[in-house]
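Here's the structure we're looking at; comments come further down.
The numbers here are math on the coordinates, done by the rules we state, and not lab data. Bear in mind the structure is a predicted one, so any value in this text is a computation, not a measurement. When we count neighbours, we look across all protein chains shown, and the Cβ atoms used for this are built from the backbone with ideal geometry, even at glycine.
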Amino acid sequence: MFKSAVFNLKDATKEEIQTFLNSFDTVLTDCDGVLWIDNNAIPGSPETMNQFRKLGKKIFYVTNNSTKIRSDFAIKAQELGFIASADEILSTAYLVAHYLKGIGFTKKVYMIGSNGIGEELKAVGIRYIGVGPDHVCSDFKSMKPSELDSEVGAVVVGFDEHVSYPKFMKAASYLDSEDCLFIATNTDERFPKGGSIVVPGTGTLVKAVETCSQRKALVLGKPHAYVRKFLESCGLDPARTLMIGDRCNTDIELGVRCGFQTLLVLSGVTSERDLEKIRTEKKPPLPDVVLPKLGDLMALFPS
Ligand SMILES: [Mg+2]
């Protein structure tokens, strides 16, 4: 219902709210800007998510952050008042492990990334190398083929604060072999901006490796559609799934690509003014429904 209508749920009748709530069994939600901002819960978000659970909805918290393991995310969510368990966290680090395990990958991963991905790989029995600083020699071209590990069968790129020239050399050299898989967690350009400093995001590293390897990565995070495959692998129906987010180009785009229903909230990146623009320009991806903030649903739930 409300397909791409950008309909304000606050204007819905009781019957429409009931039909809307009955139209999905699974709720996927973005975290930052929907549930919390930094370390503060957005008022009403924990109660709303917990109410979805009470109504019997299956819940997944979706994040493109690849630096933490799922239990760390679950602890943060719990501390902010959300009922959450590690297996409800859909992080990109976990999706990488899920994907590689799903295709029966048995070789080693060369990683530009952090322990967040490493721990998830370890949990499914996949070996990896590359985490941490890689020494930059004064003669930067002097890398020898013997420095490459012949067991590597995939390059994974996620966020890595130790990214360096030798890492790019190794990644591109492994990817020179056509059999080597090339996977990226996400392509976010930047971290959300706090002050005047721009903090480059994982997309920066992915583009760099794509450039020097002359290949395209398979991207598993938002807005790429691997999440749909994940849900299907759990026996869940994408058409009866609601995706909640604060950004059109990642969260709502993911929903549209996967055939989910979509709810845009204005408590994060998208402003009231952006919404006006979305309504007048009608440029996809358009959310089905909108709310100022997720917690506004509390007043709309049937009593
Ligand atoms: Mg967000």
Note on the chain, DSSP bridge orientation, antiparallel percent to nearest 5 equals 10
Restricting attention to segment 1-44, which trypsin sites (Lys or Arg not before Pro) occupy a DSSP loop and are surrounded by at most 13 other Cβ atoms within 10 Å? Lys3
Cross-link partners among lysines for Lys141, C-alpha distance below 19 Å, same-chain residues fewer than 8 apart left out? Lys167, Lys170
Checking segment 154-215 for trypsin sites (Lys or Arg not before Pro) in a loop per DSSP with at most 11 other beta-carbon atoms within 10 Å yields Lys193
Using r as the Cβ-Cβ distance of Ser150 and Asp237, and R0 as 41 Å, what FRET efficiency do you calculate, to the nearest 0.05? 0.40
In segment 218-303, the trypsin sites (Lys or Arg not before Pro) that sit in a DSSP loop and have at most 11 other Cβ atoms within 10 Å of their own Cβ are Lys282
When Thr13, Thr26 are arranged by how many other beta-carbons sit within 10 Å of their Cβ, fewest first, they go Thr13, Thr26
At 1.567 mPa s and 4 °C, Stokes diffusion of segment 178-303 via Kirkwood alpha-carbon radius, µm² per second: 78
Cross-link candidates for Lys76: which lysines have Cα within less than 25 Å, leaving aside residues fewer than 8 places away along the same chain? Lys54, Lys57, Lys58, Lys68, Lys122, Lys193, Lys222, Lys293
Taking the 0 to 90 degree range and rounding to the nearest ten, how far is the long axis of helix 70-79 tilted relative to the main principal axis of the chain, both from C-alpha atoms? 40
Whose amide H sits under 5 Å from the amide H of Val27, counting only residues 5 or more places off or on another chain, with H placed in the peptide plane? Lys58, Ile59, Phe60, Leu242
For a Förster distance of 35 Å, can you work out the FRET efficiency between the beta-carbons of Lys54 and Arg273, rounded to the nearest 0.05? 0.50
Going by C-beta contacts inside 10 Å, put Cys212, Cys31 in order with the fewest on the left. Cys212, Cys31
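For every other residue with a beta carbon closer than 12 angstrom to the beta carbon of Tyr226, add +1 if it is Lys or Arg and -1 if Asp or Glu, then tell me the sum.
Combined, the nearby Lys, Arg, Asp and Glu give +3.
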Using only the alpha carbons of segment 94-219, what is the convex hull's orientation-averaged projected area in square nanometres? 8.2
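Sort Val269, Val34, Val27 so that the residue with the fewest other Cβ atoms within 10 Å of its own Cβ comes first and the one with the most comes last. Walk me through the numbers on the way to the answer.
On the way: Val269 18, Val34 27, Val27 22.
Fewest-to-most ranking of Val269, Val34, Val27: Val269, Val27, Val34.
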Quote to one decimal, in nm, the extra length available between Lys122 and Asn40 on full extension: 0.36 nm per residue of separation minus the C-alpha distance between them. 26.4 nm
Over all viewing directions the Cα convex hull of segment 11-89 casts an average projected area in nm² of 5.7
Please give every one of the aspartates and glutamates within straight-line cross-link reach of Lys283, meaning a C-alpha to C-alpha distance under 20 Å, and leave out same-chain neighbours fewer than 8 residues apart. Asp246, Asp251, Glu253, Glu272, Asp274
Förster radius 45 Å - calculated FRET efficiency between Glu178 and Ile17, Cβ distance, rounded to 0.05: 0.30
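Quick check on segment 94-219: of the DSSP beta bridges with both residues there, what percent are antiparallel, nearest 5%? Intermediate results must be reported in sequence, preceding the final value.
On the way: 1 of 14 bridges.
DSSP beta bridges in segment 94-219 are roughly 5 percent antiparallel.
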Cα gyration tensor of the chain - equivalent ellipsoid semi-axes, whole Å, descending: 38, 19, 17
